[in-house]
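Laboratory data are not the source of any read-out in this text; all were calculated from the coordinates shown. The structure presented is a predicted model; accordingly, all values stated were derived computationally and were not measured. Counting neighbours? That spans all protein chains shown, and the Cβs are built from the backbone with ideal geometry, glycine included.
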Amino acid sequence: MIRKFILKRLAIGALQMLGLTLAVFFLVRMLPADPVSRLVGLNASPEAYAQAQRSLGLDKPVVTQLLEYLGLGSGPGLLQGNLGTSWLTNASVVSEIGASLPTTLELLTYSFVVTLLIAIPVGVASASNPGKFVDKAVFVYGLFGGSQPEFWWGLLFVLIFFAQLNVAPAPLGMIDPLLIPPPRVTGFYTLDAVIAGDFRALIDIFHHLMLPILTMVFVLSGPVIKMARQSMIRAQASDFILYANAAGLRQSQVTRYSMRAAIAPTITLVGILYGVMLGGAVLVESVYSLGGIGQYAVRSVLAFDYPSIQGIVLVITAISLLIYLALDILYAVIDPRVVYS
Amino acid sequence: MHACSNLPVFLRQSAKRSVLAALAASTLLAPVSSANAQAPGTLVFLAEDVPSGLDIDGPSIAIPTTQLGMMQLLEPLVAYEYKSAPNEDGIIMPDFTKPTGRLLESWDYDPATYKWTLHVRKNVKSCAGNTLTADDLMYTYERALNVGGAVPNAWFLMNMSGVKGFTQDVFSTDKAVAEKAKKGLGQGIRKIDDYTVEVSQETPNPLLLVNMAVTISQGVFDSKEMKAHATAADPWSYDYANNTNLPSFGPYCLDNWVKNSEIRFKANPNYYRGKAPIETAIIRKVPQGGNRISILRSGQAQLIQGMTPNQYDSLRKMPGVKVSGVTGNEGLFVVMNFNTAPFDNIKLRQAIGYAMPYQRIIDVGYSGQAKQWESVVASTYPSFVKYAPPYGYDPQKAKALLAEAGFPDGKGLEKYADKFKLTYVAEKETTLGPIVNQIRTALTAIGIPVTLDPIPQTQYGDRQIVKKDLAFAVNDQEKPIGVDTGYAMQLFFVSKAAGGLNNMMNYANADLDAQWAKARVEPDTAKRDAILADMQKTLMHDLAWLPLVEFKTQWAHSDKLSGLSWNPSNSLLLYDLHY
């Protein structure tokens, strides 16, 4: 049953991707500027302009460009797994995304793990002790911490922990510039450091990730705590928990039952936030010079680099769709009431 | 403790785990290496970005941070001797009247045949250990003529220099014509022997020497390395140069390059002028200006760029930090489009020229690190002539000129309200915002209704270069890298029909075009200078563009770092730096 569900979802996902591909292809071409003019900044002769236009393939009709992009023209395209070549760097978009995406995935994954480790216990504790210290602290944090933009917290943390207290490293990316990064195998700095057995680099990478993760956790914890708390309160008010209490089960056991019921909406929220933050972490990446997919996206948009923009949108969408699919499967594992039919 | 004791058992266990996690975190908080200290022989340079490509004909050639990387790897044929004394900030300045050979040991020019004989320097080795010969020059020129890159930058300067064979035919849509033209090097450039190359021009043209000094377009490739990385699909190694390395004979070799993150150079052990004092130079991308300042102050970086004038001003007061600047070739000017009424009215243009609050712009926009610009070319370039009497802030004169233009006290300008939208690059709001507000206030005071129109950089470029429809705009990003007043005027003021390239104001003056046609081929320097002086006078009278200020190009650095030198690309040469 679950296999059929997954196949159905993948098929729908493929259709969504096709629609998105067409929409993005035409929408970027409606932007109010000409990417060729950026290329010929130094040399604006009509011949140079025409040459640059030809080099980008923009001298061809839009339908021909689309067919080329899809891989139905003279060369390989999307259908062959080729996202094209960046107009800014002349490197393949696949390799550029491959270079920047792991940084963002690494940042987000660690941030969400830490967020879950903190936010769920705090949310549960807040729901279990209404009006007590933890609950009030969550309320104050929700008003103050969670309502500020992440770049502001990032700059503040840099100022406090790096510039003033000197306990955090300079916001210089994933690793100290004077250290040699571990050889690139997976593209994930921490994994590559482990594979290389370079634990000095591993510690330095975690040291450099410390503030970015703290910033992300600070911002992400707000909605996650709130969701965990609300779900827990709702679960505690449900009939089966009332029955468990009436049956005299231990408090820890009852809490575990409540948590199982409360965790599913929280996990859903985390999944959605993960998809959103793939592109939305750009400000944190910028503050800490991390060079992730968000920064790559911004650079591509500012340069009107159509192939890169299209590639980024497709990859982020594909990851988001996979996350949502994984969430739906996870939902069934967590909550036995969910049945796929 | 009290709060913790109220928690369920499993949460108390979780709290214990949290303490352990905190201990682990505190381990991470401790600095793990001695990286905070400045490593001897190492430079950490923080910039807004790192090179997006390294090919001189590549798609990112117009980006300053790309040029910064290329300048460290390439070696020009010709450069300029340094002046004996640095400028007021300690920056070493070139003397543009004294070209000196770099990869060329010397050169001869025969005015009768318009032939240049280039004598290639001997015993010059590339990063790969290959010896420079005439073959490397021939490869570089053949590659330029091939125009296979996204932007034919190298071809462009050879074409501007009037070198035989570098014609527009290479762009012909007729494949046969284009292919024939691309094999036309024999007409203009010949290898005489292993260390001699002959270049022929169609007409006398002094720009050849000037353009040979433009490192980022005329730097010489290590042809053996380039050919070693050529493929059947990419015989000129565009992909290799764009994405992997730029093999040349420059002072630094590429050590590591991660696009969007950092580029790392090692001093070229074979460099013919001697190995660079700084062994390892790392240019690291730090997008946030505030972070670049914090890191510089902490001592973990020794050099930063790309700050706003106000930020540089605040850095000037910080201990251990020095700000060095040069009034080189960067200027701020106002574009008034001749194709858009009422800007076709010279009197109105002059009225605006006299209404500009020059000193306020210098003080507010550049924290005093600028001076009024008194011509349409950079004052550091040879043949620059100051306009006399200069335009200055004189509201009464501006009002009188406005009346002469047919708009007393601004009456009649209401119908042009949408033309007086002062356009500027939105991304430069921090610097340009205060300036455009000063301009608006000053023009409103004499009756000219101005509104502000910030637009994205790419849209601005599109309207400036392609559409040429910016009616009223401020611009601070035009700097001719070829050090020649005539070249600068051809670039911006000569009409399109007469070979103008970036005439964003649609200025058309047949007399000026004729003067340039004459100056372009005038071999006598004194006569050429006289024509160029007259052209500058005309352009300032008509205010073809309205020059406002020349502002300093600045860097902030550790006060232990010295040797900063300036060149027209505004990219620091790391070779000159030392502690």
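I need the calculated FRET efficiency for the pair A:Leu242 and A:Val301, taking r as the beta carbon distance and R₀ as 41 Å, to the nearest 0.05.
With R0 = 41 Å, the Cβ-Cβ based efficiency is 0.15.
Any idea how far apart B:Ser172 and B:Asn310 come out in nm if each label point goes 7 Å out from Cα toward Cβ?
Result: 5.7 nm between the two label points.
Rounded to whole Å, give me the distance from the Cα center of segment B:471-521 to that of segment A:61-79.
Computed from Cα coordinates, the inter-centre distance equals 40 Å.
So, by mean Cβ neighbours within 10 angstrom, what's the order for B:215-221, B:191-197, B:335-341, A:14-20 with the highest one leading?
B:215-221, B:335-341, B:191-197, A:14-20
Any idea what log10 I(q)/I(0) is at q = 0.05, 0.06, 0.07 Å⁻¹ for chain B, Debye with uniform C-alpha scatterers and no solvent?
-0.25, -0.36, -0.48
Send over the semi-axes of segment B:474-575's equivalent ellipsoid, whole angstrom and largest first, taken as the square roots of 5 times the C-alpha gyration tensor eigenvalues.
31, 17, 12
Over all directions, average the projected area of the Cα convex hull of segment A:236-329 and note it in nm².
8.5 nm²
Explain nothing, just the number: relative contact order of segment A:139-194, from Cα pairs under 8 Å at least 6 residues apart, as a whole percent.
Answer for segment A:139-194 is 16 percent.
Could you work out how far the C-alpha centroid of segment B:69-116 sits from that of segment B:274-300, in angstrom?
Here the two parts' Cα centres lie 28 Å apart.
Give the residues of segment B:442-481 whose amide nitrogen is closer than 20 Å to a point set 7 Å from the Cα of B:Ala341 in the direction of its Cβ.
The answer is B:448-450, B:469-473, whose backbone nitrogens lie closer than 20 Å to the label point.
With +1 on each Lys and Arg Cβ and -1 on each Asp and Glu Cβ, how big is the dipole of segment B:331-551 about its Cα centre, in debye rounded to the nearest 20?
220 debye
Quick one: give the max-minus-min coordinate of the C-alpha atoms of segment B:278-373 along each principal axis, largest first, in Å.
Here the spans come out as 56, 26, 23 Å, largest first.
With each label point set 7 Å from Cα along the Cα-Cβ vector, what nm distance links A:Ile203 and B:Arg190?
Label at A:Ile203, label at B:Arg190, 6.8 nm between them.
Wrap a convex hull around the Cα atoms of segment B:81-204, take a quarter of its surface area, and give that in square nanometres.
Over every viewing direction, the Cα hull of segment B:81-204 projects on average to 10.5 nm².
Using alpha-carbon pairs under 8 Å, 6+ residues apart, how would you state the relative contact order of chain A in percent?
25 percent
Could you check the simple spin-label distance between B:Lys125 and A:Ile233, using points 7 Å along Cα→Cβ, in nm with one decimal?
Between B:Lys125 and A:Ile233, the label points sit 7.6 nm apart.
Give me the lysines in straight-line cross-link reach of B:Lys259: C-alpha distance below 17 Å, same-chain residues under 8 apart excluded.
B:Lys285
Based on the Cβ-Cβ distance of A:Leu322 and A:Lys132, what FRET efficiency does E = 1/(1 + (r/R0)^6) give at R0 = 60 Å, to the nearest 0.05?
So, using R0 = 60 Å, E works out to roughly 0.90.
Counting only other chains, what is the mean number of Cβ atoms within 10 angstrom of the Cβ of each residue in peptide A:176-185?
5
Which whole-number percent is the relative contact order of segment B:331-551 (Cα, under 8 Å, 6+ apart)?
That works out to 35 percent.
Roughly speaking, what % of Cα-Cα pairs in segment A:275-341 are separated by over 21 Å, rounded to a whole number?
Of all Cα-Cα distances in segment A:275-341, 41 percent exceed 21 Å.
Starting from the alpha-carbon convex hull of chain A, give the projected area averaged over all orientations, in nm².
Computed as one quarter of the Cα hull surface, the answer is 23.0 nm².
Taking the Cα centre of segment B:105-147 as the origin and placing charges on Cβ (Lys, Arg +1; Asp, Glu -1), which of B:His119, B:Trp107, B:Leu132 is farthest toward the positive end of the dipole?
B:Leu132
Could you tell me the calculated FRET efficiency between B:Glu179 and B:Ala517, based on Cβ-Cβ distance and R0 = 30 angstrom, to the nearest 0.05?
Computed FRET efficiency for B:Glu179 and B:Ala517: 0.45.
Assigning unit charges at the beta carbon (Lys, Arg +1; Asp, Glu -1) and nothing else, what dipole magnitude in debye, to the nearest 20, does the protein assembly as shown show about its Cα centre?
Its charge dipole is roughly 2760 debye.
What is the mean number of Cβ atoms from other protein chains located within 10 Å of the Cβ atom of each residue in peptide B:366-376, rounded to a whole number?
Mean shielding count: 0.
Can you flag which of B:Lys164/B:Lys496; B:Lys421/B:Lys468; B:Lys468/B:Lys496; B:Lys125/B:Lys275; B:Lys386/B:Lys496 are past 18 Å Cα-Cα?
Violating the 18 Å limit, Cα to Cα: B:Lys164/B:Lys496; B:Lys386/B:Lys496.
Taking only the alpha carbons of the protein assembly as shown, what extent do you get along each of the three principal axes, in Å, biggest first?
110, 70, 59
Determine, for each peptide in B:413-426, B:53-66, A:305-318, the mean count of other beta carbons within 10 angstrom over its residues, then list the peptides with the highest first.
B:53-66, A:305-318, B:413-426
Pairwise over distinct Cα atoms, reciprocal of the mean inverse distance: report the Kirkwood radius of segment B:331-551 in Å, one decimal place.
17.6 Å is the Kirkwood radius here.
Could you tell me the center-to-center distance, by alpha carbons, between segment A:1-33 and segment B:530-557 in angstrom?
Value for the Cα centre distance between the two parts: 53 Å.
State which helices in chain A qualify, where a helix is a whole DSSP H run, it must extend 20 Å or more along its own axis by its Cα atoms, and its mean Kyte-Doolittle hydropathy must be at least 0.5.
Counting only whole DSSP H runs, the qualifying helices are A:2-28, A:93-128, A:199-236, A:251-280, A:306-334.
Need the full-extension length gain, A:Gln80 to A:Leu159, defined as separation in residues times 0.36 nm minus the C-alpha distance. One decimal, nm.
So the chain would gain 23.7 nm between A:Gln80 and A:Leu159.
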